[in-house]
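The values are calculated or read from the model by the stated rules, or taken from the named source; none is laboratory data. Just so you know, these numbers come straight off a predicted model, no measurement behind them. Here Cβ is always computed from backbone atoms with ideal geometry, including for glycine, and neighbour counts include all displayed protein chains. Just the protein is used for accessible areas: all its heavy atoms, side chains included, with ligands, DNA and RNA removed. Shrake-Rupley method; radii C 1.70, N 1.55, O 1.52, S 1.80 Å.
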Amino acid sequence: MSEADRTLLILSLSPLRSDPRVLKQIDLFRRRYRVATCGFGPAPDGVADHIELDRAMPSWPRDPRRLLLRRYVDVYWGIAAVAEARRQLRGRDFDAVLANDANTLPLALSLAPARGVHADLHEFAPKEHFNKPAWRALVAPYVRWLCRTYLPQAASVTTVSEGIAEQYRKDFGVAAGVVTNAAPYADKEPRPTQLPIRLIYSSAGQRYRKIENIMEAMRTAPGHVELDLIVMPNEPAYVAELEELGRSLPRVRFRDPVPYTKLVDTVAEYDVSVSVIPPTNFNLAHALPNKFFEAVQARTGLVIGPSPAMHALLERHDLGAVTRDFSAEALREVLDSLTPESVDAWKRNAHQAARELSSEHQNLGWESAIAALLDGR
């Protein structure tokens, strides 16, 4: 059987056309294998087959009684999106499945693909919403059961950062490789920095990210810096509060979200990307987010908080500055120190690091794992 005849199902209970990590998997494999996808919304470009799930369907359990009784098998197969995906996938054969996140693993394994399942874990699943008491009490034990029961059955595992990989090893004895959330290589040149220095912050609009601290830093920041924000409407009430706060900050503006494919070009309009992410939960403490890598491809400088995974890469390549903590005051101190000359140096270093920190280089972890299944390498 040739490579092109081998079938790979990429499974994710997410809106596939706007999920950057899944889109990179599809782009990596669709020219090599016959790729089918299953997830929310219409088919991504370039796939051979697609199983569409209704975006309104829950992808996590909403069954507190069974969770309390620890009837976890019933809980899992009772999740609306899982049940619908199972129905639509019944009778289909795949050579391998790339299962995104722990909540797809039992479904992927139940399909019994001829050459096995690779699990790609976007977060440390047992602590994904650990800041919510009800989730911590009811759902976290279920997720730990999910990982303990099904992760050892995966042929291979990857995740997004070394800290999260180490936690999976400690808690579940699973050796996870690391594939970062790197952006595709962009053929760009650094743009000279002029005054005012333009800052960009892009993020999901979630309260625990404390985006108001980024904005408050601008209240007393020097006049030669300006800040634009792109905030997704995950929590509309919170985003509305941020917009109200912005009305009192004349050098802060909001702009509309842009498609993932246009994000690097958008960031390239700016001089510095701000990626200060307070460690309000385990996964944020170990974050190595898309926007870090998008800034590199955009050839902008970076200002980050003291998050270990980001700090290590930024320091290795001298890509920007690190705040002393995650407060508005600490960010303002760094903004005070920005000059066109310092930002231009970071941009040049981003240009030098762009190929090494691109998805084409970082995605070798997926490539080797799937090749081991489908090509016997």
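Please go through (1) over 30 Å from residue 97 (Cβ atoms); (2) buried (at least 17 other Cβ atoms within 10 Å of the Cβ) for residue 370 and return the number of the only condition it doesn't satisfy.
(1)
Checking the structure you have, find out if any residue of segment 46-64 is open to solvent by 70 Å² or more (accessible area, probe 1.4 Å), touching a Phe, Trp or Tyr at 6+ places or on another chain (Cβ under 7 Å) and over 21 Å from residue 369 (Cα atoms).
yes
So which residues in segment 76-91 are part of a helix (DSSP H, G or I) and either farther than 21 Å from residue 12 by Cβ or open to solvent by 50 Å² or more (accessible area, probe 1.4 Å) (or both), if there are any at all? Spell out the reasoning first.
Keep residues of segment 76-91 that are part of a helix (DSSP H, G or I), which gives 76-77, 80-89.
Once the filter is applied, which keeps residues that are part of a helix (DSSP H, G or I) and either farther than 21 Å from residue 12 by Cβ or open to solvent by 50 Å² or more (accessible area, probe 1.4 Å) (or both), segment 76-91 yields 77, 86, 87, 88.
Taking segment 243-267 on its own, how many of its residues are crowded, with 20+ Cβ neighbours inside 10 Å and either under 20 Å from the mean Cα position of the chain (by Cα) or assigned to a helix (DSSP H, G or I) (or both)? Talk me through it step by step, then tell me what you get.
Applying the first criterion (crowded, with 20+ Cβ neighbours inside 10 Å) to segment 243-267 yields 252, 263-264, 267.
Restricting the remaining residues to those that are either under 20 Å from the mean Cα position of the chain (by Cα) or assigned to a helix (DSSP H, G or I) (or both) gives 263-264, 267.
Qualifying residue count, segment 243-267: 3.
For residues in segment 186-222 being among the small types (Gly, Ala, Ser) and over 20 Å from residue 264 (Cβ atoms), which is surrounded by the fewest Cβ atoms within 10 Å (Cβ to Cβ)?
Going through the qualifying residues, I end up with 205.
If you check every pair at least six apart or on different chains, which have Cβ atoms under 6 Å apart with a residue in segment 1-27 that is of a type in the set (A, V, I, L, M, F, W, C) first and a residue that is open to solvent by 20 Å² or more (accessible area, probe 1.4 Å) second?
9/94; 13/59
Residues to consider are 284, 288; find the one that is touching a residue at least 12 places away in the same chain (Cβ under 8 Å), open to solvent by 10 Å² or more (accessible area, probe 1.4 Å) and assigned to a helix (DSSP H, G or I). Step through it out loud before you land on a result.
On the way: 288 fails: assigned to a helix (DSSP H, G or I).
Result: 284 is the single residue among 284, 288 that is touching a residue at least 12 places away in the same chain (Cβ under 8 Å), open to solvent by 10 Å² or more (accessible area, probe 1.4 Å) and assigned to a helix (DSSP H, G or I).
Condition check: outside any helix (DSSP H, G or I), free of Cβ contacts under 8 Å to residues at least 60 places away in the same chain, in contact with a helix residue (DSSP H, G or I) (Cβ under 7 Å, 6 or more places away or on another chain) and open to solvent by less than 40 Å² (accessible area, probe 1.4 Å). Does residue 302 satisfy that?
Here the answer is yes, as residue 302 does meet what is asked.
In segment 67-75, is there at least one residue being open to solvent by less than 40 Å² (accessible area, probe 1.4 Å) and of a type in the set (Lys, Arg)? Before the answer, list the steps.
Here is the first cut: in segment 67-75, the ones open to solvent by less than 40 Å² (accessible area, probe 1.4 Å) are 67, 72, 75.
Narrowing further to those that are of a type in the set (Lys, Arg): none.
Within segment 67-75, none of the residues are open to solvent by less than 40 Å² (accessible area, probe 1.4 Å) and of a type in the set (Lys, Arg).
Open to solvent by less than 60 Å² (accessible area, probe 1.4 Å), of a type in the set (Val, Ile, Thr) and over 26 Å from the mean Cα position of the chain (by Cα), is that true of residue 225?
Yes: the conditions hold for residue 225.
Here is a yes/no grid of residues against (1) touching an Asp or Glu at 6+ places or on another chain (Cβ under 9 Å); (2) among the hydroxyl-bearing types (Ser, Thr, Tyr); (3) closer than 18 Å to residue 75 by Cβ:
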| position | (1), (2), (3) |
| --- | --- |
| 118 | no, no, no |
| 123 | yes, no, no |
| 126 | yes, no, yes |
| 151 | no, no, yes |
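Cβ-Cβ below 6 Å, separation at least six or inter-chain, first residue in segment 334-350 and without any contact (Cβ under 8 Å) to a residue 40 or more places away in the chain, second assigned to a loop (DSSP other than H, G, I, E, B): which pairs?
334/323; 349/318; 349/319
Do the conditions hold for residue 169, that is, is it within 30 Å of residue 119 (Cβ to Cβ), free of Cβ contacts under 8 Å to residues at least 60 places away in the same chain, open to solvent by 70 Å² or more (accessible area, probe 1.4 Å) and charged (D, E, K, R)?
yes
When both residues are 6+ apart or on different chains and their Cβ atoms are under 8 Å apart, which pairs have a first residue that lies in segment 100-126 and is among the β-branched types (Val, Ile, Thr), and a second that is surrounded by fewer than 20 Cβ atoms within 10 Å (Cβ to Cβ)?
What qualifies is 117/109; 117/153; 117/155.
Quick one: residue 94 ticks every box in (1) outside any loop (DSSP other than H, G, I, E, B); (2) surrounded by 17 or more Cβ atoms within 10 Å (Cβ to Cβ) except a single one, so which number is it?
(1)
Considering only segment 150-163, state which residues are assigned to a helix (DSSP H, G or I) and modelled with pLDDT under 95.
162, 163
Scan segment 108-134 for residues that are open to solvent by 30 Å² or more (accessible area, probe 1.4 Å) and part of a helix (DSSP H, G or I) and jot them down.
Selection gives 109, 110, 127, 133, 134.
For segment 35-55, how many residues meet the condition of being more than 18 Å from residue 106 (Cβ to Cβ) and under 21 Å from the mean Cα position of the chain (by Cα)?
Number of matching residues: 8.
Going by what's in this entry, would residue 312 be described as small (Gly, Ala, Ser), in a helix (DSSP H, G or I) and more than 22 Å from the chain's Cα centre (by Cα)?
No.
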